[in-house]
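Asks: Got a structure for you, questions after.
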Amino acid sequence: MSYYTQSVKTVLKTLETDETLGLSAKEAQKRLLKYGSNTLPIKKKPPIFFKFVEQFKDFLILVLLAATLVSYLLGEWIDAIAIASIVLINSIIGFVQEIQAEKTLESLKEKDILYALVERDGSLEKIPNAEVVPGDIVILEEGSLSPADVRLCESYSLRVDESILTGESHPATKNWQAITPKEVPLADRVNMVYKDTVVVAGRGKAVVVATGQSTEMGKIASSLQETIPPKTLLTVELEKVGTFLTKIIGVIVLFMFLINILKNVPFVENLLTSIALAVAAIPEGLPAIVTIVLSLGVKRLADKKTIVKKLMAGETLGAVKIIATDKTGTLTQNKINVTNIILPNSEEFFVEGEGYLPQGSFFDKNKKITDPEKNPALISLLRIGVLASNAKVNHNQIIGDTTEGALVVASQRAGLNDKEINSAEPRLFEVPFSAERKMMSVAVQINATSDHFLYSKGAPEEILKRCKITSSQQKAILETTQQLAQKGLRSLAVAQKKLTITEVKNLLEKDKLEEKEMTYLGLFGMQDPLRPEVKEALSQAKLAGIRTIMITGDHKVTALSIAREAGIVEKNETVLTENEVQEMTIKELAREIKNGVNVFARISPLGKLKIVQAIKSLPNTPVAVTGDGVNDAAALQAANIGVAMGQTGTDVTREVADIVITDDNYATIIDAVREGRVIFANLVKFIRYLISCNLSEVIVVASAVIFGLPPPLLPIQILWINLITDGPPALALGVDPPEKDIMRKPPRDLSTPLLHRKRWMYMLIEGSMIGLTVFIIYLVTLNKWNYQIAQTITFASLSLAQLVHAFNNRSTRKSLFTVGVFTNKILVATVFFSIILQILVIHSSFGRLVFKTVALDTNQWLIIVLAAIFPFILVEIKKQLRFRILP
C-alpha cells in the first residue's frame, strides 16, 4: 500500500491506531502474533555437515589418508584404521570447537539489542525493535536507526541517511506534510522513513506501516551478501607464521624422506612417517585456535557487561595506553537532578529529592522549606522546562534524555503535572538540540489565549546572546554559572519570546523560526554525582600504565571540578576548550597532550575527532574512545578501540563501535582492558606451547634420521601425541586464570609482533630442551634394551614431557610454584586425563596392538618420568636466570 500518497489521518485510520495514545499493550501483542517479529530474514547457512567436511580440506591430511588407504591395501589394516581414527577424532574435536565458537559469537549478537521509543497506552516506552508492530507510534531521534518502515506524523528539521537503500550519499530532508499523489521512487518519498536508515539530525514522530520481511529492507535482505568479517591482526600474523613453519618443517620432512629412501626404508612406511610428522608439526590450525580462544575471551567480556562487536578488539584491548572518556554517565552516575534554580532577580532555590521520585522539597537561600506555587516566576520557569523537553518519566524511570528528564522531575516536585502542561500548550514546531547549537527551541500555542510562544533552553552562553539583556547582566549570569561549575554543577539557561502574527505565519508556512530578542527566565543548576567505583578504577588504570583523558561538552570549571574529584588531574590542571583545540594544529595539540593535558571542555564532535587524531599521532599510543551521540561516530571509528555506551548511546555509535559497554561505566572499561590483557597473555601461552612442542617432535625424529638410527616414533604414535597435547591442554592454557600483576604491567607495544625474535628464541630453546632430552633417552634405552622397548619409552617420554611443558607455559617469567600448580583446574584435569590415556596405550592389550607398544616396568617408567621432568626443571632455571638478568 502506498502510504506516502495518503494523509496522516487516513494512514492512522487504516492502521487503527491513535497518534497520541498509540496502541494498547493487548493490541500490540495481538499484532505481534499476526505479523511476526520485526526482524529481517536470515540467510540460511549451509548444512552443518559441510563444516565437518571442511576439517579434511588440508592437503597434508588428504595425502595422509591416501597413504593410509595404501597401507590398508598392503595388509597393514590395524595401522590404517588406527591412523584414520585419530585423524577422524582430531577432525571431530576441531569441528566441535568451531561450532562452539560460532555459537558464542552468535550469542553476543543477541545481547546487542536495539530499542525503539514507542507510545503504548498513552505512555512513552522503550521496547526491543523486534517487538515493534504495524500501527505503533514511534519517536525518531538523532542517531537512531528507524526500527521499521514508518509514515511521518510530525517532523522537526528531520534529515535521514538512506544510502543503505538508495545509494544517495547526502541525507534526505523529510517532511510529514508532503503528500505525493502518484507512485514515485523510494528516494523521493519524503514523508517516509525506512527500516535501518539513520536519523542524522532532527526529530520526528511516525506510525509504523511495515515490519520485518514486509519492509523495504526485508524485501532485499535475502539478496544481500553476508559481510565477511576482516581477519584480525593476530590471525594474519599467525597465517604468516604458519606459512614460514610449513616451509621450514616441509624442507626438513622432505630431507628425512629422501634420506630414508636412500636407506631403503619401505616406501609406504617412510611416506606415512613423513606425512604424520608434517601433520603433527605444522601448526596449520593456529589461526582457527586463535579464533576459538578469542571467542571464549569475548564471552567472558560479555559476562562482564562488555559486548565485543569486532573480534579484533579482543586482542587490541590490552594494548590501550590512553582512554579518552566522556564525563556524563561514564565517570558520573548519569542520575542528573536539578539541585539549584536561580531566577533573573538572583533569587535562588534549592531542590531535594531521592532518585527520580516525584516527591521532593524546595528550599530558599536560608534553607527553609518554601512553597514553589507561591512564586509565579519559579513556576513559569519549571513549566517552560517541561515544554522544552522531550523526555518522559514513567515509573520513576526517565525515557529519553536524562537532562530533560531532570527538568520534568523538578516540575513534579513542585507539584506540577507534566501531561497537563503539554496538553495546555501543544507544540507546533521544534528546532532540535544539536552539539553544534548547544540548545533547542519549541514553538507552542496556548489553548486558553491562542497566543504563540517560543521557548528555548541550552548552554547559558548560547541562550544569553539571544536574549534582551545588557552586557553587565550577561556577565553577572555567567559569573553565576562559574560559581555553580565550581561546585561541579552543570548550568542550563531558559528563555522565552511571544511570537508575532508574522513570525507564526513564517513558522507555519516556511518552517522558519528566529531565536532572538528573547526574555531570560533563569538558570537550572544540575548535579550528576561521580560514580563511587570510578576513583578505584582510575587508580587501577594508572597502575596498569593507562592514562585517562576526559572530553566533555560541559563548562570548563565543571569539568575541572569533576576531574579533580575523580583524580584525573594531578600536577597539570590545564583545561583546553573547543576554541583552543581548533586554533591548534594536530602537532601542537599532540604536544599539549604529551605534556599532560588530561581535560578538554566544551568540546564539539569535530573537536573530539581532532583530539583523537592528535593522540594517535603520538608514537605507539593506542587509544580507546568512548562516545554516545551520532556525531561521536567519526571519533570512535578513528580510535584503535571505539567504545559505545549501551544505555545512552545512539544506534549509530553502537553500530560503528568495536565494543559496547552495557552499563556505561568507566570501571567496566578498565575491567574490559584487564580481560583484553588476559586474552592476549593466554594466546601467547598456548602458541608458545604448541610451537615449542611441535619443534620438539621434529628434533626427535630428525635427529634419528641424521644419526642413522631406526625411527624413534611410528606414524600412529606421532599422531597420538599430537592429539593429546595439541588439543585439550592447549585450549586449557587459552582459559588460564590471569596472573595477579597483570594490571601492574605497562601496556604491550602494538608495533611488536606477537612472535618477536626473543619469543622465537625461547620457543626454540624450550623445544630443543624437550626434543634433545627425549632423543638422548632414546639413545640410552636403545643400547640398554631392544628397539620396541626403546621406542615405547621414547613415545611415552615425549608425550609426558609435552604435557608437563604445558605447566611451564603458564607464565614466561614466574615459577609454576609461584603461579600455583592447581590454580588452572581445567589444565590439571586435561593433563591428568591425557596421562591416564597414555598409560592405557602402553599397558592395555588393545593399546599395545594398535600403537605397537610393549608393557614397561617400574624402572622404565622412572626414566620416562625423569625425562618428562628434566626439561621442566631446565625451563624453571631459565625463568629464574631471566628474572635476575632482566627483572
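The values are calculated or read from the model by the stated rules, or taken from the named source; none is laboratory data. Worth saying up front: this structure is predicted, and the values here are computed from it rather than measured. Cβ: placed from backbone, ideal geometry, glycine included. Neighbour counts: every protein chain shown. Note: accessible area is taken over every heavy atom of the protein model, side chains too, but ligands, DNA and RNA are not part of it. Shrake-Rupley method; radii C 1.70, N 1.55, O 1.52, S 1.80 Å.
Asks: Is it the case that some residue within the range 567-585 is more than 30 Å from ASN340 (Cα to Cα), basic (Lys, Arg) and surrounded by 14 or more Cβ atoms within 10 Å (Cβ to Cβ)?
Replies: Within the range 567-585, none of the residues are more than 30 Å from ASN340 (Cα to Cα), basic (Lys, Arg) and surrounded by 14 or more Cβ atoms within 10 Å (Cβ to Cβ).
Asks: Same structure, new question: Could you tell me which residue of the range 19-62 is modelled with the lowest pLDDT, considering only residues that are among the charged types (D, E, K, R) and touching a helix residue (DSSP H, G or I) at 6+ places or on another chain (Cβ under 7 Å)?
Replies: Restricting attention to the range 19-62, the residues satisfying the condition of being among the charged types (D, E, K, R) are 19, 26-27, 30-31, 34, 43-45, 51, 54, 57-58.
Checking which are touching a helix residue (DSSP H, G or I) at 6+ places or on another chain (Cβ under 7 Å) leaves us with 19, 51.
Numbers: GLU19: 92, LYS51: 75.
So the residue we want is LYS51.
Asks: Kindly indicate whether any position in the range 420-428 is out of contact with any helix residue (DSSP H, G or I) (no Cβ under 8 Å at 6 or more places or on another chain) and buried (at least 18 other Cβ atoms within 10 Å of the Cβ).
Replies: If we filter the range 420-428 for residues that are out of contact with any helix residue (DSSP H, G or I) (no Cβ under 8 Å at 6 or more places or on another chain), which is where we start, we get 420, 423-424, 426.
Then keep just the ones that are buried (at least 18 other Cβ atoms within 10 Å of the Cβ); that gives none.
No: zero hits.
Asks: Quick check, is LEU530 surrounded by 21 or more Cβ atoms within 10 Å (Cβ to Cβ) and either in contact with a strand residue (DSSP E or B) (Cβ under 8 Å, 6 or more places away or on another chain) or hydrophobic (A, V, I, L, M, F, W, C) (or both)? Give the steps one after another, and end with the answer.
Replies: Working: surrounded by 21 or more Cβ atoms within 10 Å (Cβ to Cβ): no; either in contact with a strand residue (DSSP E or B) (Cβ under 8 Å, 6 or more places away or on another chain) or hydrophobic (A, V, I, L, M, F, W, C) (or both): yes.
The answer is no for LEU530.
Asks: Something else now. Which residues, taken from the range 362-380, are among the basic types (Lys, Arg) and under 16 Å from SER346 (Cα atoms)? Reasoning before the result, please.
Replies: If we filter the range 362-380 for residues that are among the basic types (Lys, Arg), which is where we start, we get 365, 367-368, 374.
Hits for the range 362-380 are LYS365, LYS367.
Asks: Next question. Looking at (1) under 30 Å from ILE641 (Cβ atoms); (2) open to solvent by 10 Å² or more (accessible area, probe 1.4 Å), can you tell me which one ILE839 breaks?
Replies: With (1) under 30 Å from ILE641 (Cβ atoms); (2) open to solvent by 10 Å² or more (accessible area, probe 1.4 Å) applied to ILE839, the lone miss is (1).
Asks: Still on this structure, I have one more. Output the residues belonging to the range 343-366 that are in a loop (DSSP other than H, G, I, E, B) and in contact with a strand residue (DSSP E or B) (Cβ under 7 Å, 6 or more places away or on another chain).
Replies: So the first thing to find is which residues in the range 343-366 are in a loop (DSSP other than H, G, I, E, B), and the list is 343-347, 354-359, 364-366.
Selection gives LEU343, PRO344, TYR356, GLN359, ASP364, LYS365.
Asks: Step by step: first the residues of the range 653-691, then only those that are among the β-branched types (Val, Ile, Thr) and open to solvent by 20 Å² or more (accessible area, probe 1.4 Å), then the one that is nearest to PRO529 (Cα to Cα). Which residue is that? Even if it seems obvious, please write down each step before you answer.
Replies: Step one: list which residues in the range 653-691 are among the β-branched types (Val, Ile, Thr), which gives 653, 656, 659-662, 668-670, 673, 678-679, 684, 687, 691.
Then drop every residue that is not open to solvent by 20 Å² or more (accessible area, probe 1.4 Å), which leaves 656, 662.
Details: VAL656: 29, THR662: 19 Å.
Here the residue is THR662.
Asks: Further question on the same structure: Name the single residue that is farthest from the chain's Cα centre (by Cα) among those in the range 535-566 being of a type in the set (Ser, Thr, Tyr) and surrounded by 21 or more Cβ atoms within 10 Å (Cβ to Cβ).
Replies: Going through the range 535-566, the residues of a type in the set (Ser, Thr, Tyr) turn out to be 539, 548, 552, 558, 561.
Filter once more, so that each one left must be surrounded by 21 or more Cβ atoms within 10 Å (Cβ to Cβ): 548, 552, 558.
On the way: THR548: 19, THR552: 22, THR558: 30 Å.
Only one residue fits best here, namely THR558.
Asks: While we're on this one: Taking the range 371-417 as the search range and keeping residues that are surrounded by fewer than 17 Cβ atoms within 10 Å (Cβ to Cβ) and touching a strand residue (DSSP E or B) at 6+ places or on another chain (Cβ under 7 Å), which one is nearest to LEU124 (Cα to Cα)?
Replies: We begin by selecting, within the range 371-417, every residue surrounded by fewer than 17 Cβ atoms within 10 Å (Cβ to Cβ); these are 371, 373-374, 376-377, 379-380, 394-397, 415, 417.
Keeping just the survivors that are touching a strand residue (DSSP E or B) at 6+ places or on another chain (Cβ under 7 Å) gives 380, 394.
Details: SER380: 25, ASN394: 8 Å.
Going through the qualifying residues, I end up with ASN394.
Asks: Okay, next question. How about the range 799-875: which helices (runs of 4 or more DSSP H) wholly inside it have at least 3 residues that are within 41 Å of the chain's Cα centre (by Cα)? Step through it out loud before you land on a result.
Replies: Numbers: elements: 816-819, 825-843, 845-851.
Fully inside the range 799-875 and qualifying: 816-819, 825-843.
Asks: Tell me the residue from VAL442, VAL408 that is β-branched (Val, Ile, Thr) and not in a strand (DSSP E or B), please. Show your work before the answer.
Replies: Numbers: VAL442 fails: not in a strand (DSSP E or B).
Selected residue: VAL408, the only one of VAL442, VAL408 that is β-branched (Val, Ile, Thr) and not in a strand (DSSP E or B).
Residue-wise test of (1) in contact with a strand residue (DSSP E or B) (Cβ under 7 Å, 6 or more places away or on another chain); (2) in contact (Cβ under 8 Å) with a residue 60 or more places away in the chain; (3) open to solvent by 20 Å² or more (accessible area, probe 1.4 Å).
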| site | (1), (2), (3) |
| --- | --- |
| VAL444 | yes, no, no |
| LEU454 | yes, yes, no |
| LYS475 | no, no, yes |
| GLU479 | no, no, yes |
| LEU484 | yes, yes, no |
| LEU489 | yes, yes, no |
| THR502 | no, no, yes |
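Asks: Identify the single condition in (1) free of Cβ contacts under 8 Å to residues at least 60 places away in the same chain; (2) over 13 Å from GLU19 (Cα atoms); (3) open to solvent by 20 Å² or more (accessible area, probe 1.4 Å) that LEU158 does not satisfy, given that it satisfies every other one.
Replies: That leaves (3) as the condition not met.
Asks: Within the range 172-193, is there a residue that is acidic (Asp, Glu), touching a residue at least 24 places away in the same chain (Cβ under 8 Å) and crowded, with 21+ Cβ neighbours inside 10 Å? Break it down stepwise before answering.
Replies: Step one: of the range 172-193, the residues acidic (Asp, Glu) are 183, 188.
Adding the requirement that they be touching a residue at least 24 places away in the same chain (Cβ under 8 Å) leaves 183.
Cutting the leftovers down to crowded, with 21+ Cβ neighbours inside 10 Å gives us none.
No, there is no match, as no residue in the range 172-193 is acidic (Asp, Glu), touching a residue at least 24 places away in the same chain (Cβ under 8 Å) and crowded, with 21+ Cβ neighbours inside 10 Å.
Asks: Any idea which of ILE718, ILE699, ILE776 is hydrophobic (A, V, I, L, M, F, W, C), without any contact (Cβ under 8 Å) to a residue 60 or more places away in the chain and in a helix (DSSP H, G or I)?
Replies: Working: ILE718 fails: without any contact (Cβ under 8 Å) to a residue 60 or more places away in the chain; ILE699 fails: without any contact (Cβ under 8 Å) to a residue 60 or more places away in the chain.
It is ILE776.
Asks: Looking only at the range 1-48, which residues are under 32 Å from the mean Cα position of the chain (by Cα) and over 30 Å from ALA187 (Cβ atoms)? Write out each step before concluding.
Replies: Just the residues of the range 1-48 that are under 32 Å from the mean Cα position of the chain (by Cα), to begin with: 32, 36-48.
Hits for the range 1-48 are LEU32, LYS44, LYS45, PRO46, PRO47, ILE48.
Asks: May I pose another question? Can you tell me which residue is most open to solvent (accessible area, probe 1.4 Å) among those in the range 196-217 that are of a type in the set (Gly, Ala, Ser) and in contact with a strand residue (DSSP E or B) (Cβ under 8 Å, 6 or more places away or on another chain)?
Replies: Only one residue fits best here, namely SER214.
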